[in-house]
Structure formats: C-alpha cells, structure tokens
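Notes for the one structure printed next.
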Number of protein chains: 2
Amino acid sequence: MKYRYAVVGYGFIGRRHVATLKSIDNVDCVAVCDTNPQRLEEVREIYPEIEIYRTIDQLLEESDINGVIISANNNQHKELVIKSARAGMDIICEKPAAMSVAEFDEMMEAVDQAGVTLTVHQQRRFDKDFQTIKKCYEDRSLGDVYTIKSSLYGYNGNMHDWHVYKSEGGGMLYDWGVHLIDQILYMMDSPLKAVFADIRNVINKEVDDYFNILLRFENGVTAEIELGTYYLSDQKDWFERHWYMGGNTGSMYANKFDPEGKIVRTTKLLENVNEDQDKSAKSYGPTRSFGVPEPGLIVTEDIPKVETEHIEFFENYFATLAGKAELLVKPQEVRKVLEVMEACWKSAETFSSVAFEPSMEVKV
Amino acid sequence: MKYRYAVVGYGFIGRRHVATLKSIDNVDCVAVCDTNPQRLEEVREIYPEIEIYRTIDQLLEESDINGVIISANNNQHKELVIKSARAGMDIICEKPAAMSVAEFDEMMEAVDQAGVTLTVHQQRRFDKDFQTIKKCYEDRSLGDVYTIKSSLYGYNGNMHDWHVYKSEGGGMLYDWGVHLIDQILYMMDSPLKAVFADIRNVINKEVDDYFNILLRFENGVTAEIELGTYYLSDQKDWFERHWYMGGNTGSMYANKFDPEGKIVRTTKLLENVNEDQDKSAKSYGPTRSFGVPEPGLIVTEDIPKVETEHIEFFENYFATLAGKAELLVKPQEVRKVLEVMEACWKSAETFSSVAFEPSMEVKV
C-alpha cells in the first residue's frame, strides 16, 4: 500500500513536508491545501501532479487521501485537526500542536472518537546535538547529572512570517520552546517537580523573543533552557546551539547543531582538604577556590558520534501506521509539553514557580 | 587619632587583614587573637610589635584597642561579635556575617545596645568586573536590562580549610554566594520579588559546591548567579569570572576579575517581518530564526574602565568612624543577603520559588 497524504499549509515547513513525503518509499504527497493562491500556483509549477485545494473542507471531500500533515499557523491547528480526524484522516500536526492544553484536549477528543492516529512534528528529537547529549545522559558518561543547559542565541530578534503576531500563535516559546522542552522531557527518566520561567518581549511588541526556563526533576537534574533572539556577543560560534551537562564524574559541552564538543574530566577529584592547604593560597590563582587548573589536571574525551536524521521521524510514523513500530511522539507527551509551556507563562507572570505533582505525570 | 584594631582569627583572610590595617594611615593592627598557637608564633615572627592572644576574652580585657576585625570560622562570628560589641568595640566582621538571619538579629541586638558600628567585609563591591557591570547598568548603556548573569567556575571542587565542614559554616553559598548575591542586591534599584535556587553537593560530602540562583526583581531584571566548583571545560578562560548582561539596545559580556569584554549592538534592530521574508529562508543559516549574522551587523564598544580596589572598603569604614562618610555595607543590607541565602536553601529543598514581599524590603 502507498500512503496518500496531503499537506495543509504551504509555508516554509509545508514546502519541506511535500519534499519529504515525496522522498519516502510507499508514501506520496498527492495534494496541497493553502488559502494563498500564489502558493498554490507555486505548487502547480513545481509539482504538476499534485492536486491543489483552497480549503480543508474541499480537500477532505474531494481528494482520495489517507492522511494529512497540518502545517498552517498555530492558531489554525485545532480546527484543521478536528476536521481531518472527523474525515478519518491519520494526522501529523506541526508543533506546537495547539495554543493550549484545553485546545489539545478538544483535538484529542475528536481524534480518539475517530480512531485515527495523531502525532506532532517534534522532529528535533533527531537533532544530532540532542541525541549526543541524550546518549551521554543514558550511558551515565558523567555519573550523576545535576545540570543540563540547552541554549540558542540569535542576533537581532529575527523572527519570520506570522511568528511575530500573538493572535496567530507567534512567539519563541511556541516556535522553539516547544522543541527545547520536548527534548528535555523526552530524555528525562524522572517526574518533573517544578518549573520556573522568565519570558520576555525584549524587542518584539506582541510576542516573546527571550525565555529562560528551569525544569527541576525528582532525580536531581535541573535543566535550564534559554533562548535569546537578541542576545548578542561578538564571540565566534555564539549564534548557534549550545549544550552543557554537568555530573559528578565530569562535564560535557557541545556546540552547533552538528555538535562540536568534549567530555571533560579531572585526573583527580579533590577528596578533601589536607592540613597543608592552610597556607598554600598562592597556588590557586586569583582566588583560592577558583583559578586556572594545574597543567595535566584537565583531560578530555571526544563526544560520541550519533548518526541521526530528521527523516527518522517520518519513518517511525509510517512504520507505526503499518503496525511495525511504536509511535515516537505520543499524544500524552505532546500534552505534557503544552502543560509545561502553560506553567512557564504562569511562572513568568506570577514571579513564582509552578509545581508539578505526581498525578500530572499519568494524565491522558 | 590612630585607630587601634585587633584581628580575631589569623587564617587566610586574617593574615590579609593584618597587612591591610598596617597599610592604612591613622590605623594600626596592635593585636591578633587565634586559638592556634602555631599561627600566633607566625605573628610573633613577622610582627614582633603585635600583641598575641589565645582567647577573645583575654584580648578584650587586656588590650587597648578601638575595634576588631572578626575573621574566624563562620560558626564563631556570633559569639565573637557579641562579646566584642559588649566590650564597646567597633566591628568589621567577615562574610557571611552569621549562619542565619536569627543569629544576625541576635548580633545586631548586642551591637545596637552597645552603640557600636558593625559592618561586614563585602569588599567585592569593589571588584573591577562588578563595578564595570554596575556602571553599565547605571548608565543604561544597554537600555532596559532584562538579564544579568554572574558566574564563576572551578575545576576540581577545590575548597579549603574548614570550608568543607558543615558545622563550621562551610559550603560555597556561604563562602562565595554571599558576595555574588550582595553584588546584585547592591546594584539593583528595585524590590526583589522571588528567588528560585538549585544548590548541590556535587563532589563534597557535607557542603554545597554548586549553586544556581535566579533573583527576579520588580523592575524586570532577572539575575542569575551560578557557581560551580566542579564545572569543567577545556576552553580557555572558563575557570574565571564571567558576566553577561542583556538589554533591549544591546548586550555586554565581561570575563575575568580584571574584566575583558565588549558591549555589543546591532547596526539595525529588526522592526518587523516584511512580506519578502516568506521565502528567504536560505539566508538565515541552520535555522531561519538563528544563525550567523551578516557581516557588519554586529558592532562592539569597549567596556568602560573602572578604577577600583578592595582597600576602598576599609577607607570607607574608617572614614565612617571619623564621621566623614556613610557606611558602605549597612547592617540592613547584610541582613537582606542572609534572608536571600535562607530563601535559596528553602527553594532548593522544596523545589519551589520563595516570594519576597514588599514588607521585607523595609525590615531593620
């Protein structure tokens, strides 16, 4: 069987979805739907074999498809998913799945009633940098991890298309936060206990362009997720992805999406102070506790090389439809990310942390 | 008049206090008190003119002094300050002033009853790196500041002397946290609203050797204070002091205690997306919102050069005694720092933020 899919919303990511569907065996992109006639004209020129539709209703009524990829503006996901589910479509929805947990619950009600499959395009679970960090975490390469920092910096608040408009679901927490939070939750093997977040409109009028989120987990990990679109430096490689992970037997850093970094250890751990230390202050640099390490103390290892590609998201999805795999991005995980995002907004507004109780872990 | 001072506690910092007192006009160090006979022997050899005492009681009874500098272990500050105050001494106490707010209140009761002056050795208000940040903040060099990061990283959990023992007031929040928090509170012109903190014993058994503290202020500044004694990297300059400050007209960074850094701006702020942006994805690097800036977009300025030295702490103190200055480090400020530290411990234990109400701003 060849899966016949339509792409609903032919913007930046919709264009990519068409190309992706066309690249996978047993799958085809047979239709595109967009409200913008210019974009449909572009489809007709590049892919004359693809049907084009101006409305989701027309698409669902007239086209012979098995499923849809929803890649319209965030505020349109709910309506498009519900209509698609009721038409019996299996669905891949762009991230964030919904503008709120309440919206997502409405969507899932329609999905469950229709008995269709819904997943969300959290393809950054297959980012190389993330998979590298995840591997080191799972292998306990750094012992007991206490801190994970995931950050991304930009240079002039650059945001595109409808992402600058609040009513359409703009802002960086929706756009990137959803990926960065999803990565951490996907990796963690422990309940989330609390969220503390700072969210700002630094140079954008309507929407957030900076956030710093602390997620505290029961197992002792605190993950810090920071994104700044107007967070400047003249230092090389600043304007890219950064990770830092610290454990009790070492640390690691990884920069760039195709990560460059090291696992770093010391040749000896300080076990305790000895009597002689009392007067040895001069050897410790500018202060006694900190300063440049002695030569040979710091040793490094290469970070592992993890082979991973975004296409694996789609491979998993279609293997799931064929009964040959378990769905990678599960609706209950999607819901949890939305819960965390709502907790972030609440925390930022109230200047207080938001608790996650164990009961919240088993919802859906 | 020449101020005759004694130094109580001749450890690392006590040694420095003797030298400092000897370097200031109108001040002399006439006595040293320590429970360790070896250390007193060292005093006798280096400074034969200085009286030596084994107990604070003997010092206060026998020596003709105007004041004391208390530089014993943290757990001894309370008793030593109270005894000194009752003997009519003006007092400089090492940081942290006390192990708790309750202890400090007891100390201040004795100080106030005796009508003596107490200050605390928060000399890092005169650190060059901090003063540089403070100047840029006060000059509004970056517009409206939203984030300030103050961090310090070490290499093998190196902690000295009694600082590894909990009972003596060890741990890095007491040792360094008190400075890093004091700097931020001293600089801020707005009430503190909430504290969220993560505090760990990463490789030390008894005491904390890592902390990450978020302080949210009413004016929109979030200050993040991070210290890691086992927070490794092989990158140059990692093992030193770091600052980052972000505002809506630029950012700045400063590394090292004698700071090296830049104020960084963009030649144009993104005002909003334009229609053409829809298809221009390829110019934005690895993702549309982030990526390397175009040549010429990032411009830098030198950070200001601020001349400042720790000796100014003592100059202010003795000028205050002479009625020629206002005390720099005020007891109510010292108390506030201790309140914040207690909030940090509570936050770390409870996985929740601790609120600061306006009423707490006017205590003491």
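Among the residues of the stretch A:145-156, is there at least one that is in contact (Cβ under 8 Å) with a residue 60 or more places away in the chain, in contact with a Gly (Cβ under 7 Å, 6 or more places away or on another chain) and hydrophobic (A, V, I, L, M, F, W, C)? Can you show your working first?
Of all residues in the stretch A:145-156, those in contact (Cβ under 8 Å) with a residue 60 or more places away in the chain come to A:145-156.
Cutting the leftovers down to in contact with a Gly (Cβ under 7 Å, 6 or more places away or on another chain) gives us A:145-147, A:153-154.
Checking which are hydrophobic (A, V, I, L, M, F, W, C) leaves us with A:145.
Yes, there is a match, as at least one residue in the stretch A:145-156 is in contact (Cβ under 8 Å) with a residue 60 or more places away in the chain, in contact with a Gly (Cβ under 7 Å, 6 or more places away or on another chain) and hydrophobic (A, V, I, L, M, F, W, C).
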Residues within the stretch A:197-239 that are more than 9 Å from chain B (Cβ to nearest Cβ), β-branched (Val, Ile, Thr) and within 17 Å of residue A:170 (Cα to Cα), tallied:
2
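For the stretch B:285-340, what are the residues that are of a type in the set (A, V, I, L, M) and under 27 Å from residue B:91 (Cα atoms)? Full working, then the answer.
First pass over the stretch B:285-340, keeping only residues of a type in the set (A, V, I, L, M): B:292, B:297-299, B:303, B:306, B:311, B:319, B:321-322, B:325, B:327-329, B:334, B:337-338, B:340.
Once the filter is applied, which keeps residues that are of a type in the set (A, V, I, L, M) and under 27 Å from residue B:91 (Cα atoms), the stretch B:285-340 yields B:311, B:319, B:321, B:322, B:325, B:327, B:328, B:329, B:334, B:337, B:338, B:340.
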Going by the conditions given, is residue A:40 of a type outside the set (Gly, Ala, Ser), within 26 Å of residue B:289 (Cα to Cα), assigned to a helix (DSSP H, G or I) and out of contact with any helix residue (DSSP H, G or I) (no Cβ under 7 Å at 6 or more places or on another chain)?
yes
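Does the stretch B:209-223 contain at least one residue that is among the small types (Gly, Ala, Ser) and within 25 Å of residue B:328 (Cα to Cα)?
Of all residues in the stretch B:209-223, those among the small types (Gly, Ala, Ser) come to B:220, B:223.
Applying the additional criterion that residues be within 25 Å of residue B:328 (Cα to Cα) yields B:223.
Within the stretch B:209-223, one or more residues are among the small types (Gly, Ala, Ser) and within 25 Å of residue B:328 (Cα to Cα).
Can you say whether residue A:299 is at the interface with another protein chain (Cβ under 9 Å from one of its Cβ atoms), modelled with pLDDT under 95 and surrounded by 14 or more Cβ atoms within 10 Å (Cβ to Cβ), as far as the supplied structure shows?
Numbers: at the interface with another protein chain (Cβ under 9 Å from one of its Cβ atoms): yes; modelled with pLDDT under 95: no; surrounded by 14 or more Cβ atoms within 10 Å (Cβ to Cβ): yes.
The answer is no for residue A:299.
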Among the candidates A:105, A:34, which residue alone is touching a residue at least 40 places away in the same chain (Cβ under 8 Å) and either touching a Cys at 6+ places or on another chain (Cβ under 6 Å) or of a type in the set (Asp, Glu) (or both)?
A:105
How many residues does the stretch A:134-170 hold that are closer than 17 Å to residue A:248 by Cβ and in contact with a helix residue (DSSP H, G or I) (Cβ under 9 Å, 6 or more places away or on another chain)?
6
Of a type outside the set (Asp, Glu), under 21 Å from the mean Cα position of the chain (by Cα), more than 27 Å from residue A:348 (Cα to Cα) and at the interface with chain A (Cβ under 9 Å from one of its Cβ atoms): does that describe residue B:256?
yes
Within the stretch B:54-65, is there a residue that is buried (at least 18 other Cβ atoms within 10 Å of the Cβ), within 28 Å of residue B:309 (Cα to Cα) and touching a residue at least 60 places away in the same chain (Cβ under 8 Å)?
yes
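Table: residues versus (1) surrounded by 24 or more Cβ atoms within 10 Å (Cβ to Cβ); (2) more than 25 Å from residue B:85 (Cα to Cα); (3) not assigned by TED's automatic domain parsing to the domain that holds residue B:82.
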{"position": "B:99", "(1), (2), (3)": "no, no, no"}
{"position": "B:115", "(1), (2), (3)": "no, no, no"}
{"position": "B:158", "(1), (2), (3)": "no, yes, yes"}
{"position": "B:166", "(1), (2), (3)": "no, yes, yes"}
{"position": "B:174", "(1), (2), (3)": "no, no, yes"}
Listed by range, strands (runs of 3 or more DSSP E) wholly within the stretch A:89-188 having at least 3 residues that are more than 18 Å from the chain's Cα centre (by Cα) and within 14 Å of chain B (Cβ to nearest Cβ) are A:145-153
Being of a type in the set (A, V, I, L, M, F, W, C), under 14 Å from residue A:340 (Cα atoms) and either part of a loop (DSSP other than H, G, I, E, B) or at pLDDT below 95 (or both) is the filter here; which residues of the stretch A:189-219 pass it?
none
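Quick check on my filter: what residues within the stretch B:59-88 are of a type in the set (S, T, N, Q) and either within 23 Å of residue B:22 (Cβ to Cβ) or not in a loop (DSSP other than H, G, I, E, B) (or both)?
B:63, B:66, B:71, B:74, B:75, B:76, B:84
The values are calculated or read from the model by the stated rules, or taken from the named source; none is laboratory data. Just so it is clear, the model here is predicted, and its values are computed rather than measured. Every residue, glycine as well, gets a Cβ built from its backbone with ideal geometry; the counts of neighbours run over all protein chains shown.
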